[in-house]
1. Length gain on complete extension for the stretch Tyr25 to Ala88, per 0.36 nm per residue less the alpha carbon to alpha carbon distance?
2. Between Lys107 and Asn57, take the C-beta separation as r, use R0 = 41 Å, and let me know the FRET efficiency to the nearest 0.05.
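Throughout, read-outs are computed from the coordinates displayed, never taken from laboratory work. Note that the coordinates shown come from a computational prediction; the quantities given were computed from them, not determined experimentally. Glycine gets a Cβ as well: all are built from the backbone with ideal geometry, and neighbour counts include every protein chain shown.
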Amino acid sequence: MKGNLLIILVIILLASCCKKNDTQYPENPQWLNDRISQMDTARYSAGTVVSAYEWNNEYYYLISIPISSCMMCEFYDYQGKKFVWTPANINDFQKNAKKVKIVWERKLM
């Protein structure tokens, strides 16, 4: 009896450790799909990466263009509004934001 209980506990423990990450992220907003379509053929966008972040229970998108002189200038909320950085929210972003996925990238040629 004790052996069966031990086996059941081990199975439950293994099942809980092997749980998949079923987190669902929202679909790309239309403004972002339009922007990606434009960048898909533009020469300046070679090496560009679009990343999705979760921060303060909201989704944001960072468009990293390697030839740009500004690192976080292309940062938008889910609705497509450009984000305005302050020292306080830069610190908060660095501490609390989570990169959830790469949405799109264009390899260097």
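1. On the way: separation 63, 0.36 × 63 = 22.68 nm, distance 2.65 nm.
Taking Tyr25 through Ala88 to full extension adds about 20.0 nm, to one decimal.
2. On the way: r = 33 Å, r/R0 = 0.80.
With R0 = 41 Å, the Cβ-Cβ based efficiency is 0.80.
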